[in-house]
1. Is it the case that region 237-249 has a residue that's open to solvent by less than 70 Å² (accessible area, probe 1.4 Å), over 20 Å from the mean Cα position of the chain (by Cα) and in contact (Cβ under 8 Å) with a residue 24 or more places away in the chain?
2. With respect to the numbered conditions (1) assigned to a strand (DSSP E or B); (2) of a type outside the set (Phe, Trp, Tyr); (3) farther than 30 Å from Leu85 by Cα, which one is the sole condition not fulfilled by Thr273?
3. Give me the residue from region 188-213 that is more than 15 Å from Gly22 (Cβ to Cβ) and near the ligand (Cβ under 9 Å from one of its atoms) and, out of that set, most open to solvent (accessible area, probe 1.4 Å).
4. Given the criterion within 17 Å of His90 (Cα to Cα), out of contact with any helix residue (DSSP H, G or I) (no Cβ under 9 Å at 6 or more places or on another chain) and either of a type in the set (S, T, N, Q) or surrounded by 15 or more Cβ atoms within 10 Å (Cβ to Cβ) (or both), identify the matching residue among Ala164, Ala173.
5. Just one of Asp86, Asp98, Asp64 is open to solvent by less than 40 Å² (accessible area, probe 1.4 Å), closer than 30 Å to Asn203 by Cα and among the acidic types (Asp, Glu); which is it?
6. If I filter region 113-140 down to residues being buried (at least 17 other Cβ atoms within 10 Å of the Cβ) and more than 17 Å from Arg170 (Cα to Cα), which single residue comes out as farthest from the chain's Cα centre (by Cα)?
7. Select from region 83-117 the residues that are closer than 21 Å to Thr240 by Cβ and more than 14 Å from the ligand (Cβ to nearest atom) and list them in ascending order.
8. Can you name every residue in region 13-39 that is open to solvent by less than 60 Å² (accessible area, probe 1.4 Å), without any contact (Cβ under 8 Å) to a residue 40 or more places away in the chain and polar (S, T, N, Q)?
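The values are calculated or read from the model by the stated rules, or taken from the named source; none is laboratory data. Fair warning: this is a prediction, and the values are worked out from it, not measured in the lab. Virtual Cβ from ideal backbone geometry, glycine too; neighbours counted across all protein chains shown. Keep in mind that these areas ignore ligands, DNA and RNA; they rest on the heavy atoms of the full protein, side chains included. Shrake-Rupley method; radii C 1.70, N 1.55, O 1.52, S 1.80 Å.
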Amino acid sequence: MILQGKKGLIVGIANNRSIAYGIAKACKEQGAQLAFTFLNEALEKRVRPIAQEFGSSDFVYELDVSKPEHFSSLFQSLQTDFGNLDFVVHSVAFAPKDALTGDFVQTSKEAFNTAMEISVYSLIELSRCVLPLLNKGASILTLTYLGSMKYVTNYNVMGVAKAALESSVRYLAYDLGRAGIRVNAISAGPIKTLAASGISDFNLMLKWNEANAPLRENVSIDQVGSAAMYLVSDLSSGVTGEVHYVDSGYNIMGMCAMEDVDGKPTPRWEILTKH
Ligand code: 0WD
């Protein structure tokens, strides 16, 4: 098993539809021992049974990334109960719902700062917090989205936050590379999760991606999970600072996908939405 004897921390499970759940499952299947965090009491009820399912009932900790004291208690608890880490998964993002619709130019300073704090600074603070616990060759992984590189309707301030997150991955990769630690991101295609439900017209995004991706389907949390498993394992020991797309190839498209209908090139989107 690829992760036999490896220990990892999973941050950002809200429920069993979360991308972080798919990652935890793939890592567990390859023999990893896992620790989990939950955001608040409401989510603790969902995360504890998941930790139990993965044989990690004793390694469940509170972490609201907006609270510095949670980072220090997480560090203490990990050091005492769990020991050193071989990988960390950061799967956290948040922006106020009203910033994820309408015109980007209307983004408030408050929404901007919240999105940056929860979705970007948290990766830097988490990396610094666990640094003394990371084994040589350890891997840190975060989750991003194409809205960082291209305009995506309604993604707005989260697109700007993801651009900063991807840049942070590169700066962290350089710093931590000195200690043999790697930092990468997976840019996942749209997946229906709790966080995704905060984005207006998310179903439209799902349909558009399915219609236009080379593989003609949306990705699952299992597909993101297995790519993540590779990136946190020694199989990717030469890879750092990368943004790896797991999106059925959607990001390569320079024009909408076409198909032949009665000898006439027709956008796949039109075909799918008509029938
Ligand atoms: O289409 C998608 N779902 C995509 C998601 C496509 C590409 C990337 N992503 C990214 C997201 O932006 C995020 O970074 O993947 C990551 C995980 O998102 P998810 O799996 O789609 O969403 P979800 O299952 O909701 O998990 C995100 C969790 C939160 O859930 P809620 O829905 O309660 O916000 O991030 C956690 C929380 O568990 N989270 C926090 N954790 C600690 N402190 C905080 C916080 N302050 N805020 C949110």
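1. In the first step, residues of region 237-249 are kept if they are open to solvent by less than 70 Å² (accessible area, probe 1.4 Å); the result is 239-241, 243, 245-249.
Now restrict to residues that are over 20 Å from the mean Cα position of the chain (by Cα): none.
Within region 237-249 (the criterion being open to solvent by less than 70 Å² (accessible area, probe 1.4 Å), over 20 Å from the mean Cα position of the chain (by Cα) and in contact (Cβ under 8 Å) with a residue 24 or more places away in the chain), the answer is no, since none of the residues qualifies.
2. Tallying (1) assigned to a strand (DSSP E or B); (2) of a type outside the set (Phe, Trp, Tyr); (3) farther than 30 Å from Leu85 by Cα, Thr273 fails exactly one: (1).
3. Here is the first cut: in region 188-213, the ones more than 15 Å from Gly22 (Cβ to Cβ) are 197-213.
Subset that is near the ligand (Cβ under 9 Å from one of its atoms): 197-199, 202, 205-206.
Values: Ser197: 73, Gly198: 17, Ile199: 22, Phe202: 19, Met205: 22, Leu206: 32 Å².
Filtering first and then ranking leaves Ser197.
4. Working: Ala164 fails: out of contact with any helix residue (DSSP H, G or I) (no Cβ under 9 Å at 6 or more places or on another chain).
None of the other options fit; the residue is Ala173.
5. Numbers: Asp86 fails: closer than 30 Å to Asn203 by Cα; Asp98 fails: open to solvent by less than 40 Å² (accessible area, probe 1.4 Å).
Being open to solvent by less than 40 Å² (accessible area, probe 1.4 Å), closer than 30 Å to Asn203 by Cα and among the acidic types (Asp, Glu) holds for just one of Asp86, Asp98, Asp64, which is Asp64.
6. Top of the filtered list is Leu133.
7. Narrowing region 83-117 to residues closer than 21 Å to Thr240 by Cβ: 84-92.
Within region 83-117, Asn84, Leu85, Asp86, Phe87 qualify.
8. Looking only at region 13-39, we keep the residues that are open to solvent by less than 60 Å² (accessible area, probe 1.4 Å), and these are 13-15, 18-24, 26-27, 30-32, 34-38.
Those left that are additionally without any contact (Cβ under 8 Å) to a residue 40 or more places away in the chain: 31, 34, 36-38.
Correct list: Thr37 only.
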